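The next block holds one structure in the form of structure tokens; read it before the comments.
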Amino acid sequence: MRSEPDPPDTAAAGRDEPRARRAAGPAESLGRRVAEHRAKLGLTQQELAERLGISRVAVSHVEAGVSEPGERTVTLLAGLFKLEPHELVAGTTYPRAKADRLPLVAARYTEVEHQLALLAADRAWLEDSDVSPAAAEAVLARWRAGLGLLLDDAWDRRERDAVGAALDEVTAALADLRDRPGPATRRAGR
């Protein structure tokens with residue numbers, strides 16, 4: 001009879017804890033770990049609840065250990081905390097049967113985070129290359145239009161603020177680029 005492969009070693013998967021600490025003593029409450037990660041991100045229970053699509057009371061119950069979250073919620077929490085699901089529950093009181101049903105990976109970035117990372121890469125490329133002003137203006141103009149659409153679609157306050165700040169920076173960079181004298185103006189000024 002062929003056996004299924006063992007799930008990832010949940011006792012060794014926790015990122016923030018040394019192995020000796022995980023191995024010694026009673027298991028940590030998953031709720032306590034969720035509360036710690038939420039605090040590191042500076043989120044309120046209400047903000048976390050909105051991101052997860054659950055009630056603030058449900059978040060409070062998870063953090064207090066009154067209830068255990070389902071696999072869907074653990075997966076969403078793991079992605080939000082930039083962990084894999086098994087890393088989040090490793091060394092906790094989360095039931096083994098539920099842990100065995102968790103997916104191996106979780107989406108870790110929102111579309112806003114992804115787009116802002118791409119924008120940062122494009123801006124670094126523009127700074128480090130000899131791109132013509134016209135080409136740089138075209139790249140920045142596309143980003144300004146795209147950020148405007150992203151701002152319309154972003155509902156999370158923190159993400160809206162981040163997109164708004166990026167939009168302001170791109171708009172200022174475009175204005176700066178347009179205010180620079182062109183090659184003909186520079187030659188005439190010599």
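No value in this document is a laboratory result; all are computed from the given coordinates. Keep in mind the model is a prediction, meaning the values are calculated, not measured. Virtual Cβ from ideal backbone geometry, glycine too; neighbours counted across all protein chains shown.
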Which is surrounded by 12 or more Cβ atoms within 10 Å (Cβ to Cβ), touching a Leu at 6+ places or on another chain (Cβ under 9 Å) and under 30 Å from V66 (Cβ atoms), of A106, A136? A106
Output the number of the condition that E68 fails; it satisfies all remaining conditions of (1) acidic (D, E); (2) closer than 26 Å to E159 by Cα; (3) outside any helix (DSSP H, G or I). (2)
